[in-house]
Structure formats: structure tokens, C-alpha cells
Amino acid sequence: GLGRQEDDPSVDRLLAALTSEEPLPPLEADAEVADWCLAPGVARGRTCGGNLALIAATVGTPYQLRTDGRIVLLEDVCEPPYRIDRMLAQLRLAGLFERCAAVGFGEMLDCAPPDTARYDLRGVVHEALAGLPLPVLWGLPFGHGARNQTVPIGVKATLDADRGRLTFHEAAATSHGMTDEA
């Protein structure tokens, strides 16, 4: 499957990504603007990213994620907030957020703090990225959950944290996104 389970729109979007010569429809963040916008603004760049734990594990290796001028998209599964905080601090200290265009978060499935905690994961992420001069969007519908919406990597896109939207400007299944061109 696409995750633990998949829904029909997720399967339809995957098939469109593989076959369409048109950009995929935008992804819309969940909830209200107060919930999705961790830092306001609009940025354009090529998409990059993936699973936060795997990206953090490559820092300092030849496989480290290249983020300059890019929209960094992150998701994870089964990681407690203290580990999410540590991984974001590692990426920040390694300079991966210094020259990126924006950061967008997908589902952080089973990453909630214990019921007795006085904090939530969104707050931990907000604090870890505080002060970065770029838009940060929370709640996009991609990751390991049932709403595993396909996100093309390497395509031109616009992340609008104010409107809660990630808009793609190129088709997913082309070779144009594999260059360094911004």
C-alpha cells in the first residue's frame, strides 16, 4: 500500500503524477490559518525533502539534502517530539535552513507527546524553527497516513504559508526537475 492504508484520492493522485503532463493540483493544509502558518510568507523554488529522520541521518555525508533555494518538505512517523526537536536542531545547525526558500510539514503520524505533556508537536516544531526568515507551513496532507498525497520532488512550486497552500508549476513525471536550475 501507499502507507498503512490508502484512500482513493491518494491513489488517483499517484496515478496522475505518473501519467499526466500537467502539474498536480495544489495541496491544501488542514485546519485554520492560525493552525497551519508557523511563519508567514510566500516562496517559490524546487521541492525537496522527505522523511525527517532519514534526512537528518544523511547530514554530513555525500547524500546530505541540498536545500539552497528549495522548498523543503518534511514528514515523519513514530518519532516523539523530543526527537523531532533534536532532528530539526541538527538540520538547522548544519545550515540546511539557512538558504532554503521555505519549509512545509506533512503528516507527523504517531508523533504526539504523551497525554500528560504540557506541549504539543506543532509548538515544538514552531519553537525549533523560530526566527528563520522564511515561510513555514504545517499540516499538508502527505506522509505515512491514509491521506498520502503524492508530492513531486524536484519540480518548481510555490509555498504560501498565509493561504496554507503548496502549488506545483510543473508536471511530476518529467526530467526537468533533476537539474540545479531554480
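Take region 151-169 and flag every residue that is assigned to a loop (DSSP other than H, G, I, E, B), within 11 Å of Pro26 (Cα to Cα) and of a type in the set (Val, Ile, Thr).
Answer for region 151-169, where residues must be assigned to a loop (DSSP other than H, G, I, E, B), within 11 Å of Pro26 (Cα to Cα) and of a type in the set (Val, Ile, Thr): just Val151.
One line per residue, one yes/no per condition, for (1) touching a Phe, Trp or Tyr at 6+ places or on another chain (Cβ under 9 Å); (2) modelled with pLDDT under 95:
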{"site": "Gly45", "(1), (2)": "no, no"}
{"site": "Ala53", "(1), (2)": "no, no"}
{"site": "Pro62", "(1), (2)": "no, no"}
{"site": "Leu73", "(1), (2)": "yes, no"}
{"site": "Ala112", "(1), (2)": "no, yes"}
{"site": "Leu129", "(1), (2)": "yes, no"}
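Inspect region 83-99 for any residue being at pLDDT 95 or above, open to solvent by 40 Å² or more (accessible area, probe 1.4 Å), in a loop (DSSP other than H, G, I, E, B) and closer than 22 Å to Arg165 by Cβ and give the result as yes or no.
No: zero hits.
Ala34 fails exactly one of the following numbered conditions: (1) at pLDDT 95 or above; (2) surrounded by fewer than 17 Cβ atoms within 10 Å (Cβ to Cβ). What is the number of that condition?
All conditions are met except number (1).
Out of all the residues in region 60-78, which are surrounded by 20 or more Cβ atoms within 10 Å (Cβ to Cβ) and in a loop (DSSP other than H, G, I, E, B)? Steps first, answer last, please.
Step one: filter region 60-78 for residues surrounded by 20 or more Cβ atoms within 10 Å (Cβ to Cβ), giving 67, 70-76.
Hit for region 60-78 is Thr67, nothing else.
If you go through region 120-145, how many residues are more than 15 Å from Pro40 (Cα to Cα) and loosely packed, with under 13 Cβ neighbours inside 10 Å?
The number of residues fulfilling the criteria is 1.
The values are calculated or read from the model by the stated rules, or taken from the named source; none is laboratory data. These figures come from a predicted structure and were not determined experimentally. All Cβ positions, glycine included, derive from the backbone under ideal geometry; neighbour counts span all protein chains shown. Please note that ligands, DNA and RNA were not included when accessible areas were found on the heavy atoms of the full protein model with its side chains. Shrake-Rupley method; radii C 1.70, N 1.55, O 1.52, S 1.80 Å.
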